[in-house]
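Quick notes on the structure that follows.
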Amino acid sequence: MQLIVRYVKPYFARMSAGITIKLAGTLMDLALPWILAKMIDDIAPLKDMPLIALWGLLMLLCAALGISGNVVANRMAAYVAREATRKIRHDLFAKIASLSCRQVDELTVPSLESRLTSDTYYVHSLIGSMQRLGVRAPILMLGGMIVTLSIEPQLALVLLAVMPLIGLIVYIVSKKGVPLFILKQKASDVLVRTVRENITGIRVIKAFAKESEEMARFDAINKSVAAAETRAASTMAASNPLINLLLNYGLTAVIIVGAFHVNSGIANPGEIIAFLSYFTIMLNAMLSITRMFVMMTTAIASAGRIQEVLSFPDEMPDAGESMGEIRGGVVGEIRGAGESRGGAVGESRNESKGASAAGPGASRGAGAIRGGVVGESRGASVAAAAGLAGAPPHIEFRRVSFSYARQNPQPARERELEREREREHGQEREPVREQALAREGDRGREPAPEREHDLAQEHDQEQACAANAIEDISFAIGRGETLGIIGSTGSGKSTLISMLMRLYEPGSGNVLIDGIPVGQIPKADFYRKFGAVFQRDVLFADTIRENIDFGRELGDGRIDWALGMAQAAGFVGELPDGLSHMLSQKGTNISGGQKQRLLLARAFAGRPEILVLDDSSSALDYRTDSMVRRAIREQFGAITSIVIAQRISSVMGADRILVLEDGKMLGYGRHEELLATCGVYREIAALQMDLREEILKEEIMDLPE
């Protein structure tokens with residue numbers, strides 16, 4: 001509720017005016033039964049038609065004022081609810097945009113989507129209802145009590161006897177309902193995630209003919225959501241019939257006691273009719289209050305989920321200083337440190353030359369490669385710094401290690417939720433092999449072989465999750481140099497870029513740009529340095545112009561230049577609308593190669609200081625790829641480039657090449673050096689060069705004689 005109060009507070013004046021108008025309208029509604037009783041008992045017996053007409057007009061006036069007041073108050077309540085929810089959505093979206101990748105992984109994208117849509121909707125409904133039913137129903141309850149006590153105190157005591165029982169029912173149901181609605185929201189998150197996965201991967205599902213399996217999977221999740229909703233709704237639905245039962249018992253008692261009072265002359269018929277009207281009003285008010293509690297239960301759970309996101313700490317705070325101030329205080333120290341390493345530089349260069357002269361024999365044995373080459377890479381880090389006349393390297397990694405498992409506790413949480421569901425169905429599995437085997441031993445019997453195999457497999461999976469994605473990575477490149485990164489799938493190439501661009505924080509070690517730790521560079525300056533094409537990059541549902549400009553207010557001249565650099569000017573010029581051509585979400589209405597060239601154009605358009613290309617040429621043919629690389633060399637002479645690729649041809653011309661395997665450095669140097677010292681690199685090169693020769697031979701044979 002603190003979240004709701006905080007966002008409603010700026011509209012307190014409008015809410016106060018609306019509540020005042022609502023109060024006046026409600027009092028008009030409460031006056032109607034009293035006027036009716038007065039007419040029946042006092043005015044009608046006089047048979048004075050003008051007087052009866054006057055009281056009738058008074059009833060109409062009260063009804064009109066009541067309706068008008070409620071309409072005006074409801075419109076004001078709708079305004080407050082709309083504006084408060086708009087502000088909540090705005091702040092929630094801004095917070096989501098500022099979350100680190102680790103925090104997004106922990107919360108999960110489907111859950112964030114659910115919090116931004118359905119949870120804010122529940123909060124919106126509560127804010128509106130609080131100002132409408134939340135004001136009107138209690139006033140009707142209290143006003144009805146006061147009026148009935150003034151009309152017939154003995155009959156009013158019947159109602160008062162029922163109220164504590166109703167309050168107890170509302171309290172018990174609400175207490176049990178809140179946790180159930182939280183579980184329902186979590187189940188809905190899983191459903192949203194499943195739908196999102198299926199929609200995103202629909203082509204893969206169709207390609208492998210897995211529609212029936214995915215339908216079965218969705219059906220199981222849908223049933224779990226339905227079960228969670230049924231439990232929550234059934235619990236909350238119990239309040240209405242119980243309250244109706246108690247109130248109807250009270251109404252029956254009022255009618256019986258009232259009949260005796262009229263028969264004995266203690267009460268008048270008009271009073272009993274008015275009393276029954278007030279009782280009906282109070283009955284409806286109590287049902288409204290019950291609905292409010294149901295709505296409040298859902299909204300409180302949703303507000304808690306929203307607050308959970310808003311309260312996440314900023315893991316990547318802005319340094320808050322200009323680059324000039326930082327350079328003045330830090331770079332001098334770094335340069336001094338670089339100059340003090342003069343002796344070590346010469347030694348590292350000599351070691352590097354010795355390793356190159358050692359020939360292919362130096363690369364035999366994985367242990368020898370890792371021991372010798374990683375040491376060489378650290379020497380190269382210092383050498384790169386010294387090669388710039390004492391200036392720090394443009395980009396430097398110092399013993400950087402990172403693990404997704406330590407960054408993201410979500411997989412463990414999901415496994416625990418899975419086990420909770422299994423316990424509910426009597427299918428509990430043990431999380432760790434040793435614990436389960438110990439329990440099997442306590443029972444005096446050996447575990448079944450298949451059981452032992454399953455437990456061992458699960459234990460291995462948990463151990464694998466804890467492994468480092470990259471481990472003890474150190475290298476440096478100077479300004480204007482090109483670094484190529486190559487390695488097998490899952491070797492940590494993209495993770496390395498995530499460290500550089502501060503998408504994740506390293507578990508240990510430091511990443512520096514111009515000798516400054518990336519965490520000390522102001523975000524505005526930091527992200528302006530980069531132009532990037534990621535491995536799974538996206539185009540937005542907008543025009544080609546807007547996708548390349550991306551809010552940077554670039555002119556058409558700059559955009560045309562970037563398209564030419566990316567070899568995309570030809571196909572864009574052939575489109576009927578040119579730069580105004582609308583792209584679908586994720587660019588599904590263009591080919592993979594065209595999409596990749598537009599992504600390259602977006603990276604080029606900002607003329608970045610550091611260009612990051614993460615497998616950005618996978619959909620390009622060799623000719624287009626070579627033309628893009630040539631354009632980068634010609635147009636971006638002073639730019640520092642990092643190229644991640646699967647093709648040797650894409651990185652062999654780089655100033656430095658980093659070879660990764662299972663998150664570890666196997667080699668660092670030039671193409672010729674790595675061919676001599678790194679067995680993995682030599683194997684990749686031999687395989688790809690043989691493949692290129694076969695392709696060229698086939699093309700030559702296909703030429704007409």
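The values are calculated or read from the model by the stated rules, or taken from the named source; none is laboratory data. Just so you know, these numbers come straight off a predicted model, no measurement behind them. In this analysis, Cβ positions are derived from the backbone assuming ideal geometry, glycine residues included, and neighbour counts consider all displayed protein chains. Side chains included, ligands, DNA and RNA excluded: accessible areas come from the protein's heavy atoms. Shrake-Rupley method; radii C 1.70, N 1.55, O 1.52, S 1.80 Å.
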Residue pairs within 8 Å by beta carbon, gap of at least six or interchain, first lying in segment 51-70 and within 16 Å of ARG136 (Cα to Cα) and among the hydroxyl-bearing types (Ser, Thr, Tyr), second open to solvent by less than 70 Å² (accessible area, probe 1.4 Å) and at pLDDT below 90, listed first then second, are SER68/GLY25
Does segment 176-202 hold any residues that are under 24 Å from the mean Cα position of the chain (by Cα), basic (Lys, Arg) and open to solvent by 40 Å² or more (accessible area, probe 1.4 Å), and which are they? LYS186, ARG193, ARG196
Segment 631-648, residues that are under 17 Å from ILE684 (Cα atoms) and touching a helix residue (DSSP H, G or I) at 6+ places or on another chain (Cβ under 7 Å): VAL643, ILE644, ALA645, ARG647, ILE648
Filtering segment 580-617 down to residues that are open to solvent by 20 Å² or more (accessible area, probe 1.4 Å) and more than 26 Å from the chain's Cα centre (by Cα) yields SER580, HIS581, MET582, ASN589, ILE590, SER591, GLY592, GLN594, ARG597, GLY606, ARG607, GLU609
When you go through ALA84, ALA44, ALA64, ALA31 one by one, which is the residue that is part of a helix (DSSP H, G or I), modelled with pLDDT of 85 or more, open to solvent by 40 Å² or more (accessible area, probe 1.4 Å) and out of contact with any Ser or Thr (no Cβ under 9 Å at 6 or more places or on another chain)? ALA64
Checking ALA267, ALA216, ALA259, ALA209 in turn, the sole residue that is in a loop (DSSP other than H, G, I, E, B) and surrounded by fewer than 13 Cβ atoms within 10 Å (Cβ to Cβ) turns out to be ALA209
So, in segment 618-635, of the ones that are of a type in the set (A, V, I, L, M, F, W, C) and crowded, with 19+ Cβ neighbours inside 10 Å, which residue ends up nearest to GLN567 (Cα to Cα)? VAL628
Only one of SER584, SER616 that is touching a strand residue (DSSP E or B) at 6+ places or on another chain (Cβ under 7 Å) and either under 26 Å from SER649 (Cβ atoms) or of a type in the set (S, T, N, Q) (or both): SER616
Long-range neighbours under 7 Å by Cβ, at least six apart or interchain, first residue within 17 Å of SER100 (Cβ to Cβ) within segment 484-511, second in a loop (DSSP other than H, G, I, E, B) and open to solvent by 10 Å² or more (accessible area, probe 1.4 Å): SER494/GLN535; THR495/ALA469; SER498/TYR504; MET499/PRO506; ARG502/MET316; GLU505/GLU315
Could you check ARG536 against (1) closer than 30 Å to ALA405 by Cβ; (2) without any contact (Cβ under 8 Å) to a residue 24 or more places away in the chain; (3) surrounded by 17 or more Cβ atoms within 10 Å (Cβ to Cβ) and say which number it fails? (3)
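To keep it simple, each residue is scored yes or no on (1) charged (D, E, K, R); (2) within 28 Å of HIS124 (Cβ to Cβ).
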residue	(1), (2)
ILE21	no, yes
ASP48	yes, no
LEU51	no, no
LEU57	no, no
CYS62	no, no
VAL72	no, yes
ALA81	no, yes
ARG89	yes, yes
With ALA253, ALA226, ALA232 as the choices, which residue is within 30 Å of MET59 (Cβ to Cβ), at pLDDT 80 or above and in a helix (DSSP H, G or I)? ALA253
For segment 243-296, give me the residue count where each residue is closer than 20 Å to PRO33 by Cβ, among the hydroxyl-bearing types (Ser, Thr, Tyr) and under 42 Å from the mean Cα position of the chain (by Cα). 1
If I filter segment 200-218 for residues that are in contact with a Leu (Cβ under 8 Å, 6 or more places away or on another chain) and among the β-branched types (Val, Ile, Thr), do I get at least one hit? no
Report those helices (runs of 4 or more DSSP H) wholly inside segment 94-169 carrying at least 3 residues which are surrounded by 21 or more Cβ atoms within 10 Å (Cβ to Cβ) and over 11 Å from the mean Cα position of the chain (by Cα). 120-151
Of a type outside the set (Val, Ile, Thr), under 13 Å from the mean Cα position of the chain (by Cα) and either surrounded by fewer than 19 Cβ atoms within 10 Å (Cβ to Cβ) or in a helix (DSSP H, G or I) (or both): does that describe ALA77? no
Look at PHE275 and say whether it is of a type in the set (Phe, Trp, Tyr) and farther than 30 Å from GLY134 by Cβ. no
Say whether the condition of being modelled with pLDDT under 85, closer than 24 Å to ILE513 by Cα and either in contact with a Leu (Cβ under 9 Å, 6 or more places away or on another chain) or not basic (Lys, Arg) (or both) is met by at least one residue in segment 609-622. yes
